[in-house]
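Notes for the one structure printed next.
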Amino acid sequence: KLKKLKTKWFYFSSMMQQSFKTLEKLADYAAKNNIKIAFNISSYLAKKGKSYLKNILKKINILVLNKEEACILVGKGDIKALLKKLHKLGPDIVAITDGKNGVYVYENNQIYFGKPTNVKIVETTGAGDSFASSFLCGIIRKNNIEFAMKLGMTNAESVIQHHGAKEKLLTYNEASKIMKKRPIKIVKKKL
């Protein structure tokens, strides 16, 4: 049984078996209590399929996953098709990360594309998690897709320049300083 939780957002990541059932209960609770949800899916959950995830997907506000996970979940296709298919499952905002090819975000019939800067990659472990958590931070702070993408990409680029999933994960202020010095370009177009 859930006690009363006071929050504006839940951040879900991949949980398995009994823990996944808890995510479903939290999603129901969130829907009834005006709490928004960001969900960073994994290939493990993507392989479970749309029907397994449908109860959560129709209740979330932000879905973040990589291109491989998107293809597993909704089938192969170009980024535009993947974004549309994922959006139809329920999320208001869909973000697909595609490694060195950049980040794509869909909201309100707009596609945003962020091209990564040319940083030296040491290890990619943790890049998706750092992007997703920082993207949500950007949405919470400024409710602006472009700002959230830049914040997420800045933090992901910091993490991939070091060994370890959380090494050089930036604070909000650290990321803000880097964003001013090394701006990431975001291109926006109608779907």
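Residues of the chain: accessible area per residue at 1.4 Å, in Å²?
Ligands and nucleic acids excluded, the result is 56 Å² per residue.
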Set 3/142; 84/181; 142/189; 58/188; 115/180 screened for pairs whose C-alpha atoms are more than 27 Å apart: 3/142; 84/181
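By DSSP, what percent of the beta bridges with both residues in the chain are antiparallel, rounded to the nearest 5? Please report the intermediate quantities before stating the final value.
Values: 14 of 26 bridges.
Taking every DSSP beta bridge with both residues in the chain, the antiparallel ones total about 55 percent.
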Inter-probe distance in nm under a simple model that places probes 7 Å from Cα toward Cβ, at residue 11 and residue 81: 3.3
Hz values of 3J(HN,Hα) by residue in segment 91-99 - Karplus curve (6.51, -1.76, 1.60), Gly and Pro given as x: x, 6, 10, 10, 10, 10, 8, 9, x
Cα-based Rg and Dmax for the chain, where Dmax is the largest Cα-Cα distance (Å): 16.1, 48
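Please report, as a whole percent, how much of the solvent-accessible surface of the chain comes from carbon and sulfur atoms (probe radius 1.4 Å). List each step's numbers first, then the result.
Details: 5310 of 10750 Å².
Ligands and nucleic acids excluded, carbon and sulfur give 49 percent.
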Net length gained if the chain between residue 176 and residue 4 were fully extended (0.36 nm per residue, minus Cα distance): 58.5 nm
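Please give the per residue volume of the convex hull enclosing the alpha carbon atoms of segment 71-155, rounded to a whole number of Å³. Walk me through the numbers before you get to the answer.
Numbers: hull volume 8.3 nm³, N = 85.
Hull volume over Cα atoms, normalised by residue count, gives 98 Å³.
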Rg/Rg_ref, segment 6-46, where Rg_ref = 2.2 N^0.38 Å and atoms are Cα: 1.15
Loop sites in segment 57-121: trypsin sites (Lys or Arg not before Pro), DSSP, at most 11 other Cβ within 10 Å: 76, 120
Residue 98 versus residue 50: modelled label distance in nm, points set 7 Å from Cα along the beta carbon direction: 2.0
Rg and Dmax [Cα atoms of segment 1-76; Å; Rg one decimal, Dmax integer]: 12.4, 41
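The values are calculated or read from the model by the stated rules, or taken from the named source; none is laboratory data. Quick caveat: nothing in here was measured; it's all calculated off a predicted structure. Note: ideal-geometry Cβ built from the backbone for every residue, glycine included; neighbour counts use all protein chains shown. In case anyone asks, the SASA skips ligands and DNA or RNA and just uses the protein heavy atoms, side chains included. Shrake-Rupley method; radii C 1.70, N 1.55, O 1.52, S 1.80 Å.
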